[in-house]
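What follows is a set of notes on a single structure, which appears directly below.
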Amino acid sequence: MLLATRCPICRRPDGSPCPECVELLEPAPKVPRPLGLSQLHAALVYDGAARLLVAGLKYRNARSAVSWVAEAMVSRLPEPHGCDVVTWAPTSDRRRHQRGFDQSELLARAVARRLHLPIATMLRRRPGPSQTGRSAADRRDGVGFCARRSVEGLVVLVVDDVITTGATLGAAGQALVGAGAASVVGLVAGATPPPGR
Ligand SMILES: [Zn+2]
C-alpha cells in the first residue's frame, strides 16, 4: 500500500504542503542582516502555517516538504548568487539528540543539491555562557561557533531553519569570516515576524 503524503500543515493527504496551505504561507519581508553576513535571505514568515511546515520536517516521510521548503529558499537567492559551498549552523547536541537529526543540515543538503554546490561541515558549537535563568531567546543568542576548517577565499552559503534575532547566524558568519571566508551569505526557511504583529 502506498502511503499518501500528508500535508504537514492541515494533515490532509493532498501533497506536502497541499495547494490550499501553500496559499497560507507568506513570503518573508526583508530581514535585517546581522554582522558577519554579507547578505541574508529568508523564504517565509515563521508564523502559523510556516511553523507547522518547518516543525513537520522532522517526520520521516517529510521528504517532499523538505524539497518544497528548499525550493522556496533557493528562489529567494539573487541570480547569480556567487556562492561556492554550502554549510549549516549546527543545532545543539542536546536538540540533535532529542530529534535524532539536525533540520538545518537536512535543509542545507536539499539546498546544495538544487544549486549543484558542494556541502561541507564547517562549524562546531562552542559552549555559551551559563544558561541558567535565561529566556529561550537569550539561550539561543548565547551561541558561538568555531570553524572546523579553513574556508580561505570562499563565498559560503550558511543555512539555518529559523532566524529570530539573527544572533546565531551572525555568530556562524563571524566564525567563517574568521576562518578566511571571502563572504558569508545567510539563507533561512523562516523568519519570525517582528514583535507586535
Ligand atoms: Zn494542507
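The values are calculated or read from the model by the stated rules, or taken from the named source; none is laboratory data. Note that the structure is a prediction, hence the values are computed from the model and not measured. Note: ideal-geometry Cβ built from the backbone for every residue, glycine included; neighbour counts use all protein chains shown.
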Within the range 103-138, residues modelled with pLDDT of 85 or more and in a loop (DSSP other than H, G, I, E, B) come out as HIS116, LEU117, PRO118, ALA120, THR121, MET122
Kindly provide the set of residues from the range 168-197 that are surrounded by fewer than 24 Cβ atoms within 10 Å (Cβ to Cβ) and closer than 17 Å to LEU25 by Cα, ordered by number.
THR192, PRO193, PRO194, ARG197
Take the conditions touching a residue at least 12 places away in the same chain (Cβ under 8 Å) and within 16 Å of the ligand (Cβ to nearest atom) and apply them to VAL69. Does it pass?
yes
Could you look through the range 139-159, keep only residues that are of a type in the set (Val, Ile, Thr) and farther than 17 Å from SER104 by Cα, and pick out the one that is modelled with the lowest pLDDT?
VAL151
Being of a type in the set (S, T, N, Q), within 16 Å of the ligand (Cβ to nearest atom), in contact (Cβ under 8 Å) with a residue 12 or more places away in the chain and assigned to a helix (DSSP H, G or I): is that true of SER16 here?
no
Could we say that LEU57 is at pLDDT 95 or above, surrounded by 15 or more Cβ atoms within 10 Å (Cβ to Cβ) and within 16 Å of the ligand (Cβ to nearest atom) here?
no
Considering only the range 30-49, I want to know if a residue exists there that is away from the ligand (no atom under 14 Å from the Cβ) and polar (S, T, N, Q).
yes
I'm trying to understand the selection: among the residues of the range 19-59, which are outside any loop (DSSP other than H, G, I, E, B), of a type in the set (D, E, K, R) and more than 22 Å from ALA108 (Cα to Cα)?
GLU20
